[in-house]
1. Compute the FRET efficiency between residue 81 and residue 27 as 1/(1 + (r/R0)^6), taking r as their Cβ-Cβ distance and R0 = 25 Å, and round to the nearest 0.05.
2. For the chain, take the alpha-carbon Rg, divide it by the Kirkwood Rh, and send me Rg/Rh.
3. List the aspartates and glutamates whose Cα sits under 18 Å from the Cα of residue 130, skipping any in the same chain fewer than 8 residues away.
4. Return the subset of 47/158; 169/219; 4/158; 158/219 for which the Cα-Cα distance in this structure is over 27 Å, preserving the input order.
5. Given 209, 61, 150, which one lies farthest toward the positive end of the charge dipole of the chain, if we put +1 on the Cβ of every Lys and Arg and -1 on the Cβ of every Asp and Glu?
6. How large is the charge dipole for the chain, taken about the Cα centre, if only the Cβ atoms of Lys, Arg (+1) and Asp, Glu (-1) carry charge, to the nearest 20 debye?
7. Rounded to the nearest 20 debye, what is the charge dipole size of the stretch 1-79 about its Cα centre when +1 sits on each Lys and Arg Cβ and -1 on each Asp and Glu Cβ?
8. Sequence neighbours fewer than 8 away in the same chain don't count; with that in mind, list the lysines whose C-alpha is under 16 Å from residue 66.
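The numbers here are math on the coordinates, done by the rules we state, and not lab data. Computed from a prediction, not measured in an experiment: that's the story for all the values here. Here Cβ is always computed from backbone atoms with ideal geometry, including for glycine, and neighbour counts include all displayed protein chains.
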Amino acid sequence: MDFKNKVVLITGASSGIGKQTAIEFAKKGSQVILVARRMPKLEQVEKELEKFNVPVMIQQCDVSDKLQVQTMSQAVLEKFDSVDVLVNNAGFAIYGTVSDLTVEDIESQMATNYFGMIYCTKNFLPSMIKKKSGHVVNVASVAASFGLPGIAPYCASKFAMLGFSEGLKHELKGTGIGITVVSPIMVRTDFFDHPSFKKMPKYSPTSLSATTVAKAILKAANSPRLEIIVPSVVRGAVWMKNTFPYVINPVVGYVFKKQLDSKD
Ligand SMILES: NC(=O)c1ccc[n+]([C@@H]2O[C@H](COP(=O)([O-])OP(=O)(O)OC[C@H]3O[C@@H](n4cnc5c(N)ncnc54)[C@H](OP(=O)(O)O)[C@@H]3O)[C@@H](O)[C@H]2O)c1
């Protein structure tokens, strides 16, 4: 797909990966729709996009609220017949043990990371099916392949996202619509500003820039693959985990549990 003049909707576009993705699509001449809860941040991104001279629409919406997603989708589809690329990127994590987290902490991560993606997909997919074209890009994480201590509910939301995407991909075969999951390792964004992360070392030396991930999202929007892991070398670690779980899981568990224990 040539992204010029294509309609691209990005959730979680007020910061980090979503914001950078908007910039990368705008550079390609796409029309971008920015979705998030914080209006001043969206207005700031809209301003930053002015230099690319592309149409920009901003929509304040909490993706965990299905009525808000419905209202937002109606507003978008009134202006554009369909979106060509839907990037389900809005998401967050709360760091802590399952014992320490409240049920509400756990529910809220599922509501945004998983159900937010479902609501947006359900609202925009019919117009893609009608047009027989489009691509859904779901931003997951390597936490979609590793259940990690300290972020178990977050991992669950991303495992769910990957499983849903795999099933939907089979359903969409022959429709002209693609779906690809982008699964990065740690990325240097505001993601770790959540107070629950305050005792963790902020970024690992191997962490990625939002630009690297945004570029992978553009690649994903043209890819027939189910999942793009960023960086691609980490695919080997996922293969190792799936092939030799009894060797890899204890090592991964030890490293992350040690970090979790040092939090207190
Ligand atoms: N950073 C990492 O290490 C990393 C690694 C792998 C995957 N990811 C994934 O990448 C995605 C983007 O995260 P990021 O690193 O760019 O973090 P970020 O800078 O904190 O951005 C998160 C974005 O999601 C939006 N958001 C959160 N809850 C929302 C809701 N209920 N409704 C609408 N928008 C919501 C936020 O906007 P508002 O607050 O304005 O609503 C913000 O724009 C997430 O899905 C995350 O799980 C991140």
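1. Efficiency, rounded to the nearest 0.05: 0.55.
2. Here the Rg-to-Rh quotient is 0.96.
3. Straight-line reach from residue 130, under 18 Å: 78, 81, 84, 171.
4. 47/158; 4/158
5. Working it through, the farthest residue towards the positive pole turns out to be 209.
6. Using only the charged Cβ atoms, the result is roughly 740 debye.
7. 140
8. Output for residue 66: 122.
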